[in-house]
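To start, the structure itself, in structure tokens.
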């Protein structure tokens, strides 16, 4: 069957949409960070849901595993083959149509291969906001965002990816199509099935389309780069701004000095807004009405806070310059030991202090790049350089011991993929893992959906 597979798939999607030559397949086989790579029998690129269903039925009959792939921007190896068994890569990039935009219902129905930035622009053109926003939004696809329950900078106000979804369409492991594209905010008719697929990383089925929740587009914003004395000062400032600004507080991002210095070294045209500060937070407010009122609110809130210094953007260009520093941090320290953890917001300073002490004792020359969405307790806690990757297990132990002690999670928004699949067994209760495996067996008894990931 393996030799006949490309021809059988071509009968479903057309010969030009089945890639089998090594040079054509190669870009789909390695993850963005080049940490994981595995072979595939071929890459198939369907254009409609019916073609996805046909591919899945064909593979189910033949016992061939399927790796669903969107923009392949993930950080945990969840969208590439493992090589442990015969697999194909199913790329959803051709399924990139926005099927409907209902401005009165504040919903947008998009296919899984739609690039996140394109969805944002479509919503914006209708005077609406699609709130999901992250650094890879120019290339990541909404199917992958939902499959990993992506977070990003707006979680503080709008929630994770799962909070942006009202309905789903998904192809099940036997090729049947679940048509759950309902734009309802109230539907109390049993289990909320869409939540099974969101965050499952393609291990329970393939998301092919979603009804996404839109919001009124803020007409005013205010952005500030604020010095804080330490992470405790950042958490106290967050509480103060929440009291002073309420739901207008959209983003609250923490950056260590090492992160800012890495960006300055990586991008020659970047200016440091507050040189010499050990810790900074990047804050954004959003609201309707005039921008002057929002700026005045932010200025007053900062005057009444303990923040030692701040730069408030005077216009959109200055705000974009501040955000470009934050958005450049991931690429400025690309190769090192990375963590995507969360702890209760109140425990963020304790985590940074205790984990930092352990790492510095064992690897005193290893820089710690600490940044992330402190408003929701999510830190990207990255350590050292490429040479330290050889000590990843040891470094992980230091970090994860503190995460567990504080009741946190070893994956806040990136998922488990291949990277953390074995590790998660040390952090979840046996019953919790068994429940997950039971769901997997019930929906995918052959284990063909993205094997070697999550469970």
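The values are calculated or read from the model by the stated rules, or taken from the named source; none is laboratory data. Being a predicted model, the structure only gives us computed values, none of them experimental. Every residue, glycine as well, gets a Cβ built from its backbone with ideal geometry; the counts of neighbours run over all protein chains shown.
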### Query
Which residue out of 381, 400 is part of a helix (DSSP H, G or I) and buried (at least 17 other Cβ atoms within 10 Å of the Cβ)?
400
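One line per residue, one yes/no per condition, for (1) in contact (Cβ under 8 Å) with a residue 40 or more places away in the chain; (2) more than 22 Å from the chain's Cα centre (by Cα); (3) in a helix (DSSP H, G or I):
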{"residue": "280", "(1), (2), (3)": "yes, yes, no"}
{"residue": "283", "(1), (2), (3)": "yes, no, no"}
{"residue": "301", "(1), (2), (3)": "yes, yes, yes"}
{"residue": "319", "(1), (2), (3)": "yes, yes, yes"}
{"residue": "327", "(1), (2), (3)": "yes, no, yes"}
{"residue": "348", "(1), (2), (3)": "yes, no, yes"}
{"residue": "353", "(1), (2), (3)": "yes, yes, yes"}
### Task
Give me a count of the residues in region 220-260 that are over 18 Å from residue 310 (Cα atoms) and surrounded by fewer than 21 Cβ atoms within 10 Å (Cβ to Cβ).
5
### Query
For region 162-184, does any single residue satisfy the condition of being touching a residue at least 24 places away in the same chain (Cβ under 8 Å), assigned to a loop (DSSP other than H, G, I, E, B), under 18 Å from the mean Cα position of the chain (by Cα) and surrounded by fewer than 19 Cβ atoms within 10 Å (Cβ to Cβ)?
no
### Query
Is there a residue being closer than 30 Å to residue 331 by Cα, touching a strand residue (DSSP E or B) at 6+ places or on another chain (Cβ under 6 Å) and in a loop (DSSP other than H, G, I, E, B) anywhere in region 13-33?
yes
### Task
Kindly list the number of the only condition in (1) in the same structural domain as residue 143 (by TED's automatic domain parsing); (2) surrounded by 23 or more Cβ atoms within 10 Å (Cβ to Cβ) that fails for residue 77.
(1)
### Residues (farther than 15 Å from residue 157 by Cβ and part of a loop (DSSP other than H, G, I, E, B)) located in region 212-251
219, 229, 230
